[in-house]
Amino acid sequence: MKIIIVGCGKVGTTIAEELYHEGHDITVIDQNAATVQTITENIDVMGLTGNGAVYQVQIEAGIQDADLLIATTNSDELNMLCCLIAKKAGDCHTIARIRNPEYSSEVTFIREELNLSMAINPELAAAREISSSPPPQSFRAICSSLPHRCWESAAALRPSSASTTEQPTRSGSGMRRNTACSSVLPLLPLCLS
């Protein structure tokens, strides 16, 4: 697959490395020339210095022939704009990194209106993955020795079958209900197949 990655921070670089090792044709875009140079020296990918939300930059990166654009900059709005332009210019699949919790309750609307293949919050996805896996025995032993019994608190963070999770409030004096966005991680293999 031909994949364009906009934003070469830790997330973008890691994705580029992983997808390159899987045999995909990768192009990276970042505004920092030194960052692009470092990545292109370390892995065999094409690099382009520029703003990934600019139509002409995406054209230079080959958006017309791309199968997927992944926007991983530090700006949610820039990521959404990159994906919107890619959809219009190249009609490829798009994935936007959207971290702002204010967008969490609107992620379905954003995905549908911008025609995103996926919107992902890596921190939220990691937290869900951690809370759904039982901790190692040694972790349980440590937690059970603590006065506040953090293992029981961690169990309260596990997702239920509904789309909400119970979480202790900061003061620990009660429970509050948080709406959890649906997990989009299972969709990634569909975009990459």
Worksheet item: So, in the stretch 78-117, of the ones that are in contact with a strand residue (DSSP E or B) (Cβ under 6 Å, 6 or more places away or on another chain) and assigned to a loop (DSSP other than H, G, I, E, B), which residue ends up farthest from ALA53 (Cα to Cα)?
Response: SER117
Fill in: Close pairs from the stretch 99-112: first within 18 Å of VAL11 (Cβ to Cβ), partner of a type in the set (A, V, I, L, M), Cβ under 7 Å, at least 6 apart
TYR103/ILE110; VAL107/ILE98; VAL107/ALA119
Worksheet, complete the sentence: Of the residues in the stretch 1-11, those that are surrounded by 15 or more Cβ atoms within 10 Å (Cβ to Cβ) and of a type outside the set (A, V, I, L, M, F, W, C) number 2
Worksheet item: Taking the stated definitions as given, is ILE39 among the β-branched types (Val, Ile, Thr), part of a helix (DSSP H, G or I), surrounded by 15 or more Cβ atoms within 10 Å (Cβ to Cβ) and in contact with a Ser or Thr (Cβ under 7 Å, 6 or more places away or on another chain)?
Response: yes
Worksheet item: How about the stretch 91-113: which of its residues are at pLDDT 90 or above and closer than 16 Å to ILE70 by Cα?
Response: CYS92, HIS93, THR94, ILE95, ALA96, ARG97, ILE98, ARG99, ILE110, ARG111
Worksheet item: Among the residues of the stretch 20-32, which ones are open to solvent by less than 60 Å² (accessible area, probe 1.4 Å) and of a type in the set (D, E, K, R)?
Response: ASP30
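Yes/no matrix, rows are residues, columns are (1) of a type outside the set (Val, Ile, Thr); (2) open to solvent by 70 Å² or more (accessible area, probe 1.4 Å); (3) outside any helix (DSSP H, G or I):
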| residue | (1), (2), (3) |
| --- | --- |
| THR13 | no, no, no |
| GLU18 | yes, yes, no |
| ALA34 | yes, no, no |
| ASP44 | yes, yes, yes |
Worksheet item: How many of the residues making up the stretch 80-134 are hydrophobic (A, V, I, L, M, F, W, C), surrounded by fewer than 20 Cβ atoms within 10 Å (Cβ to Cβ) and touching a Phe, Trp or Tyr at 6+ places or on another chain (Cβ under 9 Å)?
Response: 2
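Just to be sure before I move on: is VAL28 part of a helix (DSSP H, G or I) and either within 16 Å of the chain's Cα centre (by Cα) or within 19 Å of CYS82 (Cα to Cα) (or both) in the structure I sent?
Judged against the criteria, VAL28 is not a match.
Could you tell me whether ASP65 is among the charged types (D, E, K, R) and either open to solvent by less than 60 Å² (accessible area, probe 1.4 Å) or in contact with an Asp or Glu (Cβ under 6 Å, 6 or more places away or on another chain) (or both)?
Values: among the charged types (D, E, K, R): yes; either open to solvent by less than 60 Å² (accessible area, probe 1.4 Å) or in contact with an Asp or Glu (Cβ under 6 Å, 6 or more places away or on another chain) (or both): no.
So ASP65 fails the test.
The values are calculated or read from the model by the stated rules, or taken from the named source; none is laboratory data. Bear in mind that the values here come from a model prediction, so they are computed numbers and not experimental data. With ideal geometry, Cβ positions are generated from the backbone for all residues, glycine too; neighbour counts draw on all protein chains shown. Quick note on the areas: whole protein, heavy atoms, side chains included, nothing else; ligands and nucleic acids left out. Shrake-Rupley method; radii C 1.70, N 1.55, O 1.52, S 1.80 Å.
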